[in-house]
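Take a look at the structure below.
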Amino acid sequence: MNENGGAQKCKVCMNACSLSEGQTGACGVRTMRNGGISPDNYGYITALALDPIEKKPIKNFHPGSYILSIGSYGCNLRCPFCQNHDISQVHSAEETYARRTTPEKLCEIVRNERDSIGLAYTYNEPLICYEFVRDCAKLIHDIGKYNVLVSNGEASAEVLSEILPYMDAMNIDLKGFRDEIYKAYGGDLGLVMSFIEASSRSCHVEVTSLIVPGMNDSEEDMEAEARWIASIDADIPLHITRYFPQYKMRDRAPTSVPLMKKLAEIASKYLNHVYLGNV
């Protein structure tokens with residue numbers, strides 16, 4: 001906070017919200033209190049499930065295994081097709097079925113779950129409460145298990161540096177390959193690209209692109225995206241997934257399967273691992 005008691009800028013994501021005492025940022029969880037910005041959803045989970053790792057989706061990291069997956073509430077994007085909008089687009093634990101836990105309790109659950117290779121942070125956007133991810137991830141590594149992050153990649157380099165030493169695998173959403181697509185969702189394409197590039201140098205990374213008709217379904221966009229991913233590493237897996245009407249976007253039909261296959265064919269010219277999802 002400024003010396004005169006003014007606003008403080010949140011440094012977690014592209015929103016860079018300027019918050020005064022008692023104000024909450026666009027993510028719905030980071031609030032200015034007592035001169036500092038902290039996450040209201042620390043320790044609150046809305047989901048806890050043992051999932052196949054392929055459901056994240058992650059195909060090329062311990063395939064066939066299971067991982068305990070947790071989610072909280074809140075998000076820093078406003079995607080009108082969000083399949084988890086009941087937790088991502090709410091701003092308090094009271095609006096959800098969230099329950100309180102601690103990193104130590106979660107670590108003990110993971111330790112006792114013999115079928116799980118570790119802990120996945122997913123369902124909403126985990127990094128708006130990166131502190132909880134970091135605190136859990138440290139403990140998970142201490143017991144010899146893996147950490148997996150599923151994120152929209154809209155986090156600052158400062159946040160990434162806090163969690164990256166403890167991450168073993170990530171799936172990062174790449175929602176389109178034009179600035180105007182990200183602006184429509186309230187995001188920043190450049191930030192996501194930087195996040196993907198930096199993460200791929202440190203851990204296993206896979207990328208997911210949900211193909212929304214009329215938004216990011218052009219062959220030109222897919223060619224540019226796949227070429228860019230390949231410039232980092234042609235072995236980065238790309239998941240091309242099918243849109244279905246959801247949340248506020250129910251005005252168009254599901255993505256054409258022949259189009260999905262065509263986009264996968266284009267991406268495969270540059271990438272060694274291309275997968276279709278929801279088909």
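Each value in this text was obtained by applying a stated rule to the coordinates, not by laboratory testing. It should be emphasised that the depicted structure is a prediction, and the values quoted were computed from it without experimental measurement. Glycine gets a Cβ as well: all are built from the backbone with ideal geometry, and neighbour counts include every protein chain shown.
Along the charge dipole of the stretch 40-277, pointing to its positive end and built from +1/-1 on Cβ of Lys, Arg, Asp and Glu, which listed residue (ALA234, ALA157, ILE45) has its Cα farthest out? After comparing all options, I get ILE45.
In terms of other Cβ atoms within 10 Å, HIS204, HIS273 run from fewest to most in the order HIS273, HIS204.
Could you check what % of the DSSP bridge pairs in the chain are antiparallel, to the nearest 5?
That works out to approximately 40 percent antiparallel.
The gain in end-to-end length when the GLU180 to GLN83 segment is fully stretched comes to 32.8 nm, 0.36 nm per residue minus the alpha carbon separation.
In this simple spin-label model, placing a label point 7 Å from the Cα along the Cα-to-Cβ direction at both VAL257 and ALA7 gives a separation of 5.0 nm. Kirkwood's formula applied to the C-alpha pairs of the stretch 124-260 gives a hydrodynamic radius of 15.9 angstrom.
DSSP loop (so not H, G, I, E, B), at most 15 other Cβ within 10 Å: list which trypsin sites (Lys or Arg not before Pro) in the stretch 202-259 pass both filters.
LYS248, ARG250, ARG252
Of the residues ILE240, ILE45, ILE143, the one that moves most in a GNM of the chain with alpha-carbon contacts below 10 Å is ILE143. Taking GLY22, GLY190, GLY71 as the candidate residues, the one with maximal mean-square fluctuation in a Gaussian network model of the chain, Cα springs under 10 Å, is GLY22.
Computed from Cα atoms, the angle from the helix 103-112 axis to the main principal axis of the chain rounds to 50 degrees. Computed about its Cα centre, the charge dipole of the stretch 40-277 is approximately 540 debye, with only Lys, Arg, Asp and Glu carrying charge at their Cβ.
Between the stretch 91-151 and the stretch 187-213, the alpha-carbon centres lie 21 Å apart. Computed from the C-beta positions of ARG201 and ALA234, the FRET efficiency with R₀ = 22 Å rounds to 0.90. One quarter of the convex hull surface built on the alpha carbon atoms of the stretch 77-132 amounts to 4.9 nm², the projected area averaged over directions. As a proxy for reagent exposure, ranking ILE163, ILE37 by other Cβ atoms within 10 Å from fewest up yields ILE37, ILE163. The longest part of the chain holding none of the exposed loop GluC sites (Glu not before Pro), meaning those outside H, G, I, E and B in DSSP with at most 15 other Cβ atoms within 10 Å, is 22-279. In summary, the lysines within cross-link reach of LYS56, defined as a Cα separation below 19 angstrom excluding same-chain residues under 8 places away, comprise LYS145, LYS175. Angle of helix 189-200 to the longest C-alpha principal axis of the chain, folded into 0 to 90 degrees and rounded to 10: 90°.
Quick one: order LEU263, LEU19, LEU48 by neighbouring beta-carbon count within 10 Å, fewest to most.
LEU48, LEU19, LEU263
Using only Cα positions of the chain, each an equal point scatterer, no hydration layer, compute I(q)/I(0) via Debye at q = 0.13, 0.16, 0.17 Å⁻¹ and quote the log10 values to two decimals. Relative scattering, expressed as log10 I(q)/I(0), comes to -0.87, -1.31, -1.45. What is the chain's relative contact order, in percent, from Cα pairs under 8 angstrom and six or more apart in sequence? Across the chain, relative contact order equals 15 percent.
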